[in-house]
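First comes the structure, then the notes that go with it.
The values are calculated or read from the model by the stated rules, or taken from the named source; none is laboratory data. Given the structure is predicted, the values throughout are model-derived calculations rather than measurements. Because the Cβ atoms are built from the backbone with ideal geometry, glycine has one as well, and the counts that use them run over all protein chains shown.
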Amino acid sequence: MADQLPSSRESKSAAQEAAKDRISQARSQSRSPTAWANEIIKGDRSALSQAITLTESSKPSDQLMLDILLQAVQSNKKETASIRIGITGVPGVGKSTFIECYGLLLLERNHRVAVLAVDPSSGITKGSILGDKTRMEMLSREKNAFIRPSPTASALGGITRGTHEAILLCEAAGFDRILIETVGVGQSEIAVRECSDAFVLLMLPGGGDELQGIKRGIMEMADVLLINKSDGSGKSLARETAAQYLQALHLMPPNPAGHSVAVQLISALENQGIDTFENHLFGLVTDWKSNGAFDKRRGDQAMHLFEKHVQQFSMQSRWGDTGAEKLWQATMAHVQTGQINPYTAARSWMQQETT
Ligand SMILES: Nc1nc2c(ncn2[C@@H]2O[C@H](COP(=O)(O)OP(=O)(O)OP(=O)(O)O)[C@@H](O)[C@H]2O)c(=O)[nH]1
Ligand SMILES: [Mg+2]
């Protein structure tokens, strides 16, 4: 049922939601950044939501506003108290179901939970929010939970813009557990890994003996492996798979944070193993905080993001020139056919007069 396309009632409510967004966005433009920042800090969800919309925009006026807001909320910085958890896995592995059930456990333990989704193909995001909200029905009704997709696609193909800023805004609003779900496959895993303190990979029972390519690459980035759907007839296969993954992990380079990667069996549907996972994760983070790995990871990520933002902004300023797009297409065509090498082409694109 959950995998069906949105019904016409849902599409209608999507349209209403979009209209509401536009109205509140228009209102938001007329208020002062200080007032806006204060509303975020006080936990006003619509102020937070509108600010996150800015993180998805490439309009210079929105970027300026975001910059001002980020500086204004910085005074309410609760970054160090928060834990950012990236969650990945193939489509259908049960990420949303897991987040619903894990999120509810975190609420029981007095945390405030924000859920962001990183979707490299943001064109269909409205559809997937609807899908996800139905899958995270209980969580989405909780006042201490905030669910928001964070589309990351841009005209230039950049994918990281926005997620880290959305995290900072959620933290300023008092959310201390940030769950970041990857949507789709490929680059979004890397983008999510780059802004999370802990990276959790959900796997399905079976398939443990074909650890190659992308799956292996992602496994090397993971801090914890969860075999989901370890229930019913899948249980014994899940146990076998866990043993295979454990064996494979022994052959891989050690985890960058210097700990062994746990493989745990869970069932998001039956709410099994989720508390064991949380206790394990909390233990890991506590260790990282005491041995400096936590701060180092955040520091490295911040430096990396700084570089990416500089690249993005310089590209954007070049892109703003009249004629740049035409020149881009022409240069691309030459690069593709080997008439010019990519290095020379990039230098030339940055330097040529287009106006
Ligand atoms: N048996 C079983 N089914 C599960 C479990 N977790 C999720 N499912 C089912 O698997 C299907 C996919 O679950 P989702 O949570 O939507 O998976 P997802 O990874 O978020 O999928 P995408 O968002 O499409 O990438 C749904 O029908 C769930 O009910 C589980 O622990 N056990
Ligand atoms: Mg999902």
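On the basis of being of a type outside the set (A, V, I, L, M, F, W, C), assigned to a loop (DSSP other than H, G, I, E, B) and at pLDDT 95 or above, does residue 210 make the cut? Talk me through it step by step, then tell me what you get.
Details: of a type outside the set (A, V, I, L, M, F, W, C): yes; assigned to a loop (DSSP other than H, G, I, E, B): yes; at pLDDT 95 or above: no.
No.
Looking at 273, 323, 338, 292, can you tell me which residue is at positive phi and touching a strand residue (DSSP E or B) at 6+ places or on another chain (Cβ under 7 Å)? Outline the logic, then answer.
On the way: 323 fails: touching a strand residue (DSSP E or B) at 6+ places or on another chain (Cβ under 7 Å); 338 fails: touching a strand residue (DSSP E or B) at 6+ places or on another chain (Cβ under 7 Å); 292 fails: touching a strand residue (DSSP E or B) at 6+ places or on another chain (Cβ under 7 Å).
Of 273, 323, 338, 292, the one residue that is at positive phi and touching a strand residue (DSSP E or B) at 6+ places or on another chain (Cβ under 7 Å) is 273.
Out of the residues in the range 162-182 that are assigned to a loop (DSSP other than H, G, I, E, B) and touching a helix residue (DSSP H, G or I) at 6+ places or on another chain (Cβ under 6 Å), state the one that is modelled with the lowest pLDDT. Before you say what the answer is, go through the steps one by one.
Initially, the range 162-182 is screened for residues assigned to a loop (DSSP other than H, G, I, E, B), giving 162, 173-176.
Within this subset, residues satisfying the condition of being touching a helix residue (DSSP H, G or I) at 6+ places or on another chain (Cβ under 6 Å) are 162, 173, 176.
Values: 162: 83, 173: 94, 176: 96.
Per the criteria, the residue is 162.
When the range 64-98 is examined, which residues are found to be within 14 Å of ligand 1 (Cβ to nearest atom) and either at pLDDT below 95 or not in a helix (DSSP H, G or I) (or both)? Don't jump to the end; show me each part of the working.
Looking only at the range 64-98, we keep the residues that are within 14 Å of ligand 1 (Cβ to nearest atom), and these are 86-98.
Once the filter is applied, which keeps residues that are within 14 Å of ligand 1 (Cβ to nearest atom) and either at pLDDT below 95 or not in a helix (DSSP H, G or I) (or both), the range 64-98 yields 86, 87, 88, 89, 90, 91, 92, 93, 94, 95, 96, 97.
Within the range 39-47, does at least one residue satisfy the condition of being of a type outside the set (Asp, Glu), at pLDDT below 90 and assigned to a loop (DSSP other than H, G, I, E, B)?
Initially, the range 39-47 is screened for residues of a type outside the set (Asp, Glu), giving 40-43, 45-47.
Filter once more, so that each one left must be at pLDDT below 90: none.
No, the range 39-47 has no match at all.
Just the residues that are within 16 Å of ligand 1 (Cβ to nearest atom) and assigned to a helix (DSSP H, G or I), please, taken from the range 240-277.
The initial filter retains those residues of the range 240-277 that are within 16 Å of ligand 1 (Cβ to nearest atom), namely 241-242, 263-277.
Selection gives 241, 242, 274, 275, 276, 277.
Here are some conditions: (1) over 30 Å from the mean Cα position of the chain (by Cα); (2) surrounded by fewer than 12 Cβ atoms within 10 Å (Cβ to Cβ). Residue 340 meets all but one. Which one does it not meet?
(2)
Output yes when any residue across the range 270-290 is at pLDDT 85 or above, in contact with a Gly (Cβ under 8 Å, 6 or more places away or on another chain) and surrounded by fewer than 17 Cβ atoms within 10 Å (Cβ to Cβ), and no when none is.
no
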